[in-house]
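J.: What follows is a structure written as C-alpha cells; I'll ask about it next.
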Amino acid sequence: MTTDKQEITARAHTNIALVKYWGKKDDNLIIPQTDSISLTLADFYTDTTVAFDDQLSADSLKIDNKPIFDKEALKVQKVLDLVRNLAKINTYAKVSSTNHVPMAAGLASSASGFAALAAAASRAAGLDLSDTDLSRLARQGSGSASRSVFGGFVQWHSGNDNETSFATQIDSAQNWDIKVVALIIKKSRKKHSSTQAMRESVETSPYYPVWRQVVAKDLKTITHAIRTHDFDLLGSTSELNAMRMHALTLSSDPAFTYFNGQTIELLEKVKELRANNVNCYATVDAGPNIKVLCQSKDLNQIITVFSQLIGPENVIATEPGSGIQYL
Ligand code: PMV
C-alpha cells in the first residue's frame with residue numbers, strides 16, 4: 001500500500017468506569033482480568049492529528065504542543081507500529097495531540113488519548129477499521145481507551161486474546177437523565193502508575209480473588225440498572241465498586257492509596273448530601289479526584305456545595321458523551 005501525507009484528526013472523549021478495570025492478565029496485549037463498564041463523558045476529550053510522511057526519519061510526537069519521550073513515547077509508538085503493520089507501511093508519523101479539559105491538567109486521560117490516536121493513525125495510514133477493531137487497537141495503548149471508542153454506557157469484554165478483548169456500547173445514554181460532576185483536588189500527574197499498581201494488587205492483595213466475584217456481580221447489577229434506568233441502583237453499585245477497587249491498593253504489599261485527605265472529606269460530603277435527600281454517588285479512579293454521579297434536579301445544589309468547599313474552578317459538570325468523531 002502506498003502512503004500519502006493525508007492528515008487525519010480524530011476526537012475521543014474520556015470515560016469514567018462504573019465497574020472498574022483493575023488488573024491485567026496479559027501486560028503486553030493489555031487483556032484485563034475482568035470485564036468493566038464505563039460512561040463516556042462529553043466535556044473532557046482529546047483531539048489527535050496524525051500524518052504518515054516519507055520525509056520523516058523518526059516519529060514526531062507531541063502532546064499539548066510539547067514533545068514526549070520515554071515511556072509515554074514508547075506507548076504511542078507501540079500503537080503506531082501496530083497500525084504500520086496492519087497497513088503494511090514503514091513510514092514514520094507526525095502525531096500531535098491536544099487534551100481539551102476545562103483545566104490545565106488533572107483529568108487528562110490516557111483513555112481519550114489512545115482512542116483518538118487509534119482512530120486518527122489508522123485512517124491516516126489508509127485503513128478503514130471497524131469500531132471493534134479500533135477498540136482492540138486503542139486497548140493496546142491503554143486499557144481504558146478500548147471503551148472511549150464508544151459513547152454512553154460501554155462494556156469492555158475481557159476476552160482472552162487480542163481478538164476477543166474489545167468494548168461494545170450498552171446504551172447511548174441519550175435518553176438518560178444523568179450528570180457527572182468532576183471535583184478536582186489535585187492537578188498533578190498520579191505518582192503510582194496504574195500498570196504497576198494493578199500488578200501489585202493482582203500479585204499481593206489477598207482480596208484479589210474476591211474482587212473478581214465482586215465485579216461479576218456488579219456487572220450484572222449495573223447492566224440491569226442501565227436497562228431499567230434505575231439511577232439509584234446504578235449510583236450505589238458504582239460507588240461501592242470504586243471503594244472496593246481502592247481496598248485492593250490498601251491491601252497490597254506495599255500498601256498505598258490514591259486517596260488524600262480531601263478525597264476522604266469530599267466522599268463524606270457526598271454521603272451527607274445523600275442523607276439529606278440529594279441523590280448523588282461518588283467514584284474515584286487512579287488519583288485523588290472524585291466524580292459525582294447525579295441527576296438534573298440535584299445538579300445546581302451539588303455544584304454550589306462543592307464550589308464552596310474547593311472553589312468553583314475545581315467543580316466541573318458534564319454529561320454523557322459520544323464515541324469517536326473525525327474532525
Ligand atoms: O487504562 P489505565 O491503565 O489508565 O487504567 C484505568 C484504571 C481505572 O481508571 C482506575 C479504572 C478504569 O476502569 O478505568
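J.: So, of the residues in region 185-201 that are in contact with a strand residue (DSSP E or B) (Cβ under 8 Å, 6 or more places away or on another chain) and buried (at least 17 other Cβ atoms within 10 Å of the Cβ), which turns out to be nearest to D232 (Cα to Cα)?
T.: Residues of region 185-201 in contact with a strand residue (DSSP E or B) (Cβ under 8 Å, 6 or more places away or on another chain): 185, 195, 198-199.
Filter once more, so that each one left must be buried (at least 17 other Cβ atoms within 10 Å of the Cβ): 185, 198.
Values: I185: 25, M198: 29 Å.
If we take residues in region 185-201 being in contact with a strand residue (DSSP E or B) (Cβ under 8 Å, 6 or more places away or on another chain) and buried (at least 17 other Cβ atoms within 10 Å of the Cβ), then I185 is nearest to D232 (Cα to Cα).
J.: Any residue in region 104-115 that is hydroxyl-bearing (S, T, Y) and at pLDDT 95 or above? Even if it seems obvious, please write down each step before you answer.
T.: Looking only at region 104-115, we keep the residues that are hydroxyl-bearing (S, T, Y), and these are 109-110, 112.
Remaining after also requiring at pLDDT 95 or above: 112.
Among the residues of region 104-115, at least one is hydroxyl-bearing (S, T, Y) and at pLDDT 95 or above, which makes the answer yes.
J.: Identify, please: which residue in region 26-44 is charged (D, E, K, R) and part of a strand (DSSP E or B) and is, among those, surrounded by the fewest Cβ atoms within 10 Å (Cβ to Cβ)?
T.: Going through the qualifying residues, I end up with D26.
J.: Consider only pairs whose beta carbons are under 8 Å apart and that are at least six residues apart or on different chains; among these, list those whose first residue lies in region 129-154 and is over 19 Å from N85 (Cα atoms) and outside the structural domain of A17 (by TED's automatic domain parsing) and whose second residue is within 14 Å of the ligand (Cβ to nearest atom) and modelled with pLDDT of 95 or more.
T.: Once the first residue is over 19 Å from N85 (Cα atoms) and outside the structural domain of A17 (by TED's automatic domain parsing) and sits in region 129-154, no partner that is within 14 Å of the ligand (Cβ to nearest atom) and modelled with pLDDT of 95 or more comes close enough.
J.: Quick check, is A182 within 16 Å of the ligand (Cβ to nearest atom), under 30 Å from V270 (Cα atoms) and in contact with a strand residue (DSSP E or B) (Cβ under 9 Å, 6 or more places away or on another chain)? Write out each step before concluding.
T.: Values: within 16 Å of the ligand (Cβ to nearest atom): yes; under 30 Å from V270 (Cα atoms): yes; in contact with a strand residue (DSSP E or B) (Cβ under 9 Å, 6 or more places away or on another chain): yes.
So A182 fits the description; yes.
J.: Any residue in region 72-85 that is surrounded by fewer than 20 Cβ atoms within 10 Å (Cβ to Cβ), hydrophobic (A, V, I, L, M, F, W, C) and within 16 Å of the ligand (Cβ to nearest atom)?
T.: yes
J.: Continuing with this model, one more query. Residue under question is D35, and the condition is that it be touching a His at 6+ places or on another chain (Cβ under 7 Å) and either more than 16 Å from the ligand (Cβ to nearest atom) or under 18 Å from Q140 (Cβ atoms) (or both); does it hold? Spell out the reasoning first.
T.: Values: touching a His at 6+ places or on another chain (Cβ under 7 Å): yes; either more than 16 Å from the ligand (Cβ to nearest atom) or under 18 Å from Q140 (Cβ atoms) (or both): yes.
Answer is yes for this residue.
J.: Still on this structure, I have one more. Which residues, counting only those in region 208-232, are of a type in the set (S, T, Y) and either within 16 Å of the ligand (Cβ to nearest atom) or modelled with pLDDT under 95 (or both)? Show your work before the answer.
T.: Here is the first cut: in region 208-232, the ones of a type in the set (S, T, Y) are 208, 221, 223, 228.
Y208, T223 - these are the residues of region 208-232 that are of a type in the set (S, T, Y) and either within 16 Å of the ligand (Cβ to nearest atom) or modelled with pLDDT under 95 (or both).
J.: Do we have T91 as in a strand (DSSP E or B), buried (at least 18 other Cβ atoms within 10 Å of the Cβ) and not aliphatic (A, V, I, L, M) here? Step through it out loud before you land on a result.
T.: Values: in a strand (DSSP E or B): no; buried (at least 18 other Cβ atoms within 10 Å of the Cβ): yes; not aliphatic (A, V, I, L, M): yes.
No, not satisfied.
J.: On to the next question. Going residue by residue through region 102-114, is there one that turns out to be within 16 Å of the ligand (Cβ to nearest atom), more than 28 Å from F231 (Cα to Cα) and crowded, with 24+ Cβ neighbours inside 10 Å?
T.: In the first step, residues of region 102-114 are kept if they are within 16 Å of the ligand (Cβ to nearest atom); the result is 105-114.
Those still in the list that are more than 28 Å from F231 (Cα to Cα) too: 105, 113-114.
Those still in the list that are crowded, with 24+ Cβ neighbours inside 10 Å too: 113-114.
Taking every residue of region 102-114 in turn, at least one turns out to be within 16 Å of the ligand (Cβ to nearest atom), more than 28 Å from F231 (Cα to Cα) and crowded, with 24+ Cβ neighbours inside 10 Å.
J.: Name the residue that is farthest from T46 (Cα to Cα), counting only residues in region 131-151 that are basic (K, R) and within 13 Å of the ligand (Cβ to nearest atom). Step through it out loud before you land on a result.
T.: Keep residues of region 131-151 that are basic (K, R), which gives 136, 139, 147.
If we keep only those that are within 13 Å of the ligand (Cβ to nearest atom) as well, we get 139, 147.
Details: R139: 16, R147: 14 Å.
Out of the qualifying residues, it is R139.
J.: Condition check: out of contact with any helix residue (DSSP H, G or I) (no Cβ under 9 Å at 6 or more places or on another chain) and surrounded by fewer than 21 Cβ atoms within 10 Å (Cβ to Cβ). Does A216 satisfy that?
T.: On the way: out of contact with any helix residue (DSSP H, G or I) (no Cβ under 9 Å at 6 or more places or on another chain): yes; surrounded by fewer than 21 Cβ atoms within 10 Å (Cβ to Cβ): yes.
The answer is yes for A216.
J.: Looking at region 3-25, which of its residues are assigned to a strand (DSSP E or B), closer than 21 Å to V214 by Cα and more than 11 Å from the chain's Cα centre (by Cα)?
T.: The answer is V19, K24, K25.
J.: Further, regarding this structure: Going through region 292-314 one residue at a time, which ones are surrounded by 14 or more Cβ atoms within 10 Å (Cβ to Cβ) and modelled with pLDDT under 95?
T.: Residue satisfying the conditions is N314 alone.
J.: Given (1) surrounded by fewer than 21 Cβ atoms within 10 Å (Cβ to Cβ); (2) in a helix (DSSP H, G or I), where does Q174 come up short, assuming only one miss?
T.: Every condition holds for Q174 apart from (2).
J.: Right, another one. Being buried (at least 18 other Cβ atoms within 10 Å of the Cβ), within 17 Å of the chain's Cα centre (by Cα), over 22 Å from W22 (Cα atoms) and in the same structural domain as T48 (by TED's automatic domain parsing) narrows it down to one of A118, A167, so name that one. Write out each step before concluding.
T.: Numbers: A167 fails: over 22 Å from W22 (Cα atoms).
One residue alone meets the criteria, A118.
J.: Kindly indicate the residue of region 6-27 that is touching a helix residue (DSSP H, G or I) at 6+ places or on another chain (Cβ under 9 Å) and farther than 30 Å from Y281 by Cβ and also modelled with the lowest pLDDT among those meeting that condition.
T.: Among those that are touching a helix residue (DSSP H, G or I) at 6+ places or on another chain (Cβ under 9 Å) and farther than 30 Å from Y281 by Cβ, it is Q6.
The values are calculated or read from the model by the stated rules, or taken from the named source; none is laboratory data. The structure displayed is predicted, hence computed values, not measured ones. We place every Cβ from the backbone using ideal geometry, glycine too, and count neighbours over all the protein chains shown.
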